[in-house]
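The values are calculated or read from the model by the stated rules, or taken from the named source; none is laboratory data. Only a predicted model underlies this, so the values are computations on that prediction, with no experimental measurement involved. Because the Cβ atoms are built from the backbone with ideal geometry, glycine has one as well, and the counts that use them run over all protein chains shown. For the accessible areas, the whole protein counts, side chains as well, though only heavy atoms, and no ligand, DNA or RNA atoms are used. Shrake-Rupley method; radii C 1.70, N 1.55, O 1.52, S 1.80 Å.
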Amino acid sequence: MKKKIFSWETKFLSKAGKEVLIKSVAQALPNYAMSVFLLTQEICTSLEGMMAKFWWKSQSNSSSRGVSWVSWKKLSQHKHYGGLGFRDLRDYNLSFLGKQGWRLLTMEDTLVARIYKARYYPQGSFLNAELGSNPSFIWRSIWAAQELVRAGARRAIASGSSVSILLDPWLPNDSNPYVLTSNPGLVDHNVSSLMVFGGKILGC
């Protein structure tokens, strides 16, 4: 990214041209790494700093750094909210890793999903997996997006035979889809045990 931005700084570019280059080229460079690894906050801040410097730098004075009138956080907001739609690299990184976590959750028959399940969550799913002892860097990175996936994941009931009453998010509640109870009779039971064939869920 540093080499790319250095080559752009010698050209006369409008703000619209800079916006296109930042969005389509500079912010796309770390995509491959971010799809597997969690970049440190320092790396994300450094990359955003380079893009911000290029954005504010005056073309008329190549030696001038320019004045940062608005923070990068403000520029990263959607245009409807007064920003320019630049990506927040940390959030963008977590969204990539959340996609990997979603694949582990929904494609359990794949080889990589079976390996991670056997190693890190043999008795559960990605949603309730622990970091574990001596985790690999890739697993540590994907696990960092667990809260993001958990916040939006919901289990479809269907027959209820594969949905845990206490461990899976299956309630139609945006704030808390989990069953909150200390009733020991629900431990290790699936939603199907609450149903009567041809009827509705009991007690709901």
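More than 28 Å from residue 146 (Cβ to Cβ) and part of a loop (DSSP other than H, G, I, E, B): is that true of residue 11 in this structure?
Spelling it out, residue 11 is indeed more than 28 Å from residue 146 (Cβ to Cβ) and part of a loop (DSSP other than H, G, I, E, B).
Could you list, in sequence order, all residues of the stretch 17-44 that are surrounded by 15 or more Cβ atoms within 10 Å (Cβ to Cβ) and part of a helix (DSSP H, G or I)?
The answer is 18, 19, 21, 22, 23, 26, 27, 34, 43, 44.
Pairs only if they're at least six apart or on different chains, beta carbon under 6 angstrom, first in the stretch 170-190 and of a type in the set (S, T, N, Q), second part of a loop (DSSP other than H, G, I, E, B) and surrounded by 11 or more Cβ atoms within 10 Å (Cβ to Cβ); list them, first residue then second.
Between residues of the stretch 170-190 that are of a type in the set (S, T, N, Q) and residues that are part of a loop (DSSP other than H, G, I, E, B) and surrounded by 11 or more Cβ atoms within 10 Å (Cβ to Cβ), the close pairs are 190/160; 190/161; 190/163.
Among the candidates 130, 48, single out the residue that is part of a helix (DSSP H, G or I), acidic (Asp, Glu) and touching a helix residue (DSSP H, G or I) at 6+ places or on another chain (Cβ under 8 Å).
The match here is 48.
Test each condition in (1) free of Cβ contacts under 8 Å to residues at least 12 places away in the same chain; (2) under 19 Å from the mean Cα position of the chain (by Cα) for residue 35 and report the one that comes out false.
(1)
Could you please find all residues in the stretch 86-121 being open to solvent by 30 Å² or more (accessible area, probe 1.4 Å), of a type outside the set (Ser, Thr, Tyr) and within 30 Å of residue 15 (Cβ to Cβ)?
Matches in the stretch 86-121: 87, 88, 90, 91, 94, 96.
Specify which of the listed residues (124, 83) is assigned to a loop (DSSP other than H, G, I, E, B), out of contact with any Phe, Trp or Tyr (no Cβ under 7 Å at 6 or more places or on another chain), over 26 Å from residue 154 (Cβ atoms) and open to solvent by less than 60 Å² (accessible area, probe 1.4 Å).
83
Here are 75, 111, 97: which of them is modelled with pLDDT of 95 or more, at negative phi and out of contact with any Ser or Thr (no Cβ under 9 Å at 6 or more places or on another chain)?
111
Would you mind finding the one in 139, 170, 143 that is open to solvent by less than 20 Å² (accessible area, probe 1.4 Å) and of a type in the set (Phe, Trp, Tyr)?
Among 139, 170, 143, only 139 is open to solvent by less than 20 Å² (accessible area, probe 1.4 Å) and of a type in the set (Phe, Trp, Tyr).
Could you pull out the residue among 193, 161, 182 that is open to solvent by 50 Å² or more (accessible area, probe 1.4 Å), in a helix (DSSP H, G or I) and over 22 Å from residue 39 (Cβ atoms)?
Among 193, 161, 182, only 193 is open to solvent by 50 Å² or more (accessible area, probe 1.4 Å), in a helix (DSSP H, G or I) and over 22 Å from residue 39 (Cβ atoms).
Consider only pairs whose beta carbons are under 6 Å apart and that are at least six residues apart or on different chains; among these, list those whose first residue lies in the stretch 91-107 and is aliphatic (A, V, I, L, M) and whose second residue is open to solvent by 50 Å² or more (accessible area, probe 1.4 Å) and part of a helix (DSSP H, G or I).
Listed by first residue and then by second, the contacts come to 94/148.
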